[in-house]
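Novice: I'd like to ask some things about the structure below.
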Amino acid sequence: MLEMHEHDRADVIELIVDGAVSREEYEAVRDRAEAFINRRGRARLLEVILDPGPVDPAVLWEDTRFAFRHMGDFSRIAVVTERRWLAEILAALQKIFVGEVKGFTLTECEEAWNWLTEHALDKGDGPECARLASCRGEAS
């Protein structure tokens, strides 16, 4: 499952990955994300990876193309996950990404939000992942 939450007031796109991601889900989220970027100019990204499942290689390729196409459109990316191997990917991403990238655990979701929005004029209502952490009994 891939879902997207738009936080217009804070210029944040929040993506939540939990399980397999279908091509249809990816394309719908990609189109919404591109519309958000076109509307706002630049954005911040909060990517929450709960339990990644199988992903069609064509979706991975399209997501890579999306990332390169919009590399300069994200000022900050916060990745929230418990997966240790993603730290390695984050380190590599930081080397090619124009903006800042930082990793957080699920219990640090609100810290990730604060880091993402520290220069925002309006932080909005906060991230969906904070609710997820409390539902899973992982709130700090």
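Where a number appears in this text, it was derived from the coordinates with a stated rule and is not lab data. Small disclaimer: the values here were computed from a predicted structure and weren't measured. Note: ideal-geometry Cβ built from the backbone for every residue, glycine included; neighbour counts use all protein chains shown.
Novice: Just to be sure, is A92 outside any strand (DSSP E or B) and of a type in the set (A, V, I, L, M)?
Specialist: Numbers: outside any strand (DSSP E or B): yes; of a type in the set (A, V, I, L, M): yes.
In short, yes.
Novice: For region 1-29, which residues satisfy the criterion of being crowded, with 18+ Cβ neighbours inside 10 Å, assigned to a strand (DSSP E or B) and among the acidic types (D, E)?
Specialist: Of everything in region 1-29, those that are crowded, with 18+ Cβ neighbours inside 10 Å, assigned to a strand (DSSP E or B) and among the acidic types (D, E) turn out to be E6, E14.
Novice: In this structure, does A67 turn out to be surrounded by 13 or more Cβ atoms within 10 Å (Cβ to Cβ) and either in contact with a strand residue (DSSP E or B) (Cβ under 6 Å, 6 or more places away or on another chain) or not polar (S, T, N, Q) (or both)?
Specialist: yes
Results for (1) of a type outside the set (G, A, S); (2) outside any strand (DSSP E or B), shown as yes or no for each residue.
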site: P52; (1), (2): yes, no
site: T64; (1), (2): yes, yes
site: F68; (1), (2): yes, yes
site: G72; (1), (2): no, yes
site: S75; (1), (2): no, no
site: R83; (1), (2): yes, yes
site: E88; (1), (2): yes, yes
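Novice: Looking at region 58-83, which of its residues are under 16 Å from V17 (Cβ atoms) and without any contact (Cβ under 8 Å) to a residue 12 or more places away in the chain? Walk me through how you get there before you give the answer.
Specialist: First pass over region 58-83, keeping only residues under 16 Å from V17 (Cβ atoms): 59-60, 62-64, 66-67, 77-83.
Selection gives L60, T64, A67.
Novice: Between a first residue in region 99-113 that is crowded, with 16+ Cβ neighbours inside 10 Å and a second residue that is of a type in the set (V, I, T), which pairs have beta carbons less than 6 Å apart while being 6 or more apart in sequence or on different chains?
Specialist: Close Cβ pairs satisfying both conditions: V101/I77; G103/V79; F104/V80; L106/V80; C109/V80; A112/V80.
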